[in-house]
1. For helix 142-154, what angle does its Cα long axis make with the longest principal axis of the chain, in degrees from 0 to 90 and rounded to 10?
2. Calculate, for the chain, the solvent-accessible area per residue in square angstrom, rolling a 1.4 angstrom probe over the heavy atoms of the protein chains.
3. Taking one equal scatterer on every alpha-carbon of the chain, how large is log10 of I(q)/I(0) by Debye at q = 0.09, 0.12, 0.15, 0.20 1/Å?
4. Might you report the magnitude of the Cβ-based charge dipole of the range 1-98 about its Cα centre, with Lys and Arg at +1 and Asp and Glu at -1, to the nearest 20 debye?
5. Helix 21-42: angle to the longest alpha-carbon principal axis of the chain, degrees 0 to 90, nearest 10?
6. Using a 1.4 Å probe, how large is the accessible area of Leu114, given in Å² and rounded to the nearest 10?
7. By how many degrees, between 0 and 90 and to the nearest 10, does the Cα long axis of helix 76-88 differ from the longest principal axis of the chain?
8. Go through Phe129, Phe60 and list them by solvent-accessible area, largest first, probe radius 1.4 Å.
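The values are calculated or read from the model by the stated rules, or taken from the named source; none is laboratory data. A quick note: this is a predicted structure, and the numbers were derived from the prediction, not measured. All Cβ positions, even for glycine, are placed from backbone atoms using ideal geometry, and neighbour counts span all protein chains on display. These area figures cover heavy atoms from the full protein model, side chains too; ligands, DNA and RNA do not enter into them. Shrake-Rupley method; radii C 1.70, N 1.55, O 1.52, S 1.80 Å.
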Amino acid sequence: MNKINWCKKQENGIKLIEPNANLSQEYYQNAEESLRVLRNIYETKSNMWLATTKYYIEYFAVYSVLMKIGIKCEIHDCTIVLTEFLEKENILKAGTYQMLEKDKELRIDNQYYLKNIPVDIDFEQLSTFMISIKETLDQLDNGKIIEIREKIKKF
């Protein structure tokens with residue numbers, strides 16, 4: 001996990017802050033709101049907005065977990081590295097890292113490079129993902145939060 005170490009050295013990279021349940025809840029609500037927005041965008045068939053909105057649903061949901069643990073990170077690639085770490089720690093469901101990485105690349109391709117790549121939207125899968133994040137948030141106790149924070153400090 002040399003990437004975590006690199007991210008900790010960056011100005012807007014990984015920083016430990018006080019765990020914040022309120023911000024965690026707000027990020028989760030932003031993910032839910034983005035899912036509602038995606039339902040409205042779906043009919044437009046705009047691959048740029050579908051890719052962007054889908055990615056931010058996933059990103060906000062994952063970031064809600066980071067806020068609950070007390071991790072701030074303003075570099076998306078570093079947030080994704082943390083996602084991989086949290087998967088290995090059995091905090092996040094396996095496959096979250098790959099999904100986020102793949103959808104970030106699709107967003108960049110469609111939003112910045114205007115590639116207009118078709119976006120697969122599976123509302124049932126996104127809803128299941130959101131439920132798994134909610135379960136993660138509900139199961140994160142102080143002991144596990146302290147354990148994760150200590151591991152991040154050691155990088």
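1. Approximately 90 degrees, to the nearest ten.
2. On the way: 8540 Å² over 155 residues.
Per-residue accessible area for the chain comes out at 55 Å².
3. For the chain at q = 0.09, 0.12, 0.15, 0.20 Å⁻¹, log10 I(q)/I(0) is -0.28, -0.50, -0.77, -1.27.
4. Working: 12 positive and 12 negative charges, 29 e Å.
Approximately 140 debye in magnitude.
5. That helix lies at roughly 10 degrees to the long axis.
6. 130
7. Here the helix axis deviates by roughly 60 degrees.
8. Values: Phe129 10, Phe60 45 Å².
Heavy-atom accessible area, descending, gives Phe60, Phe129.
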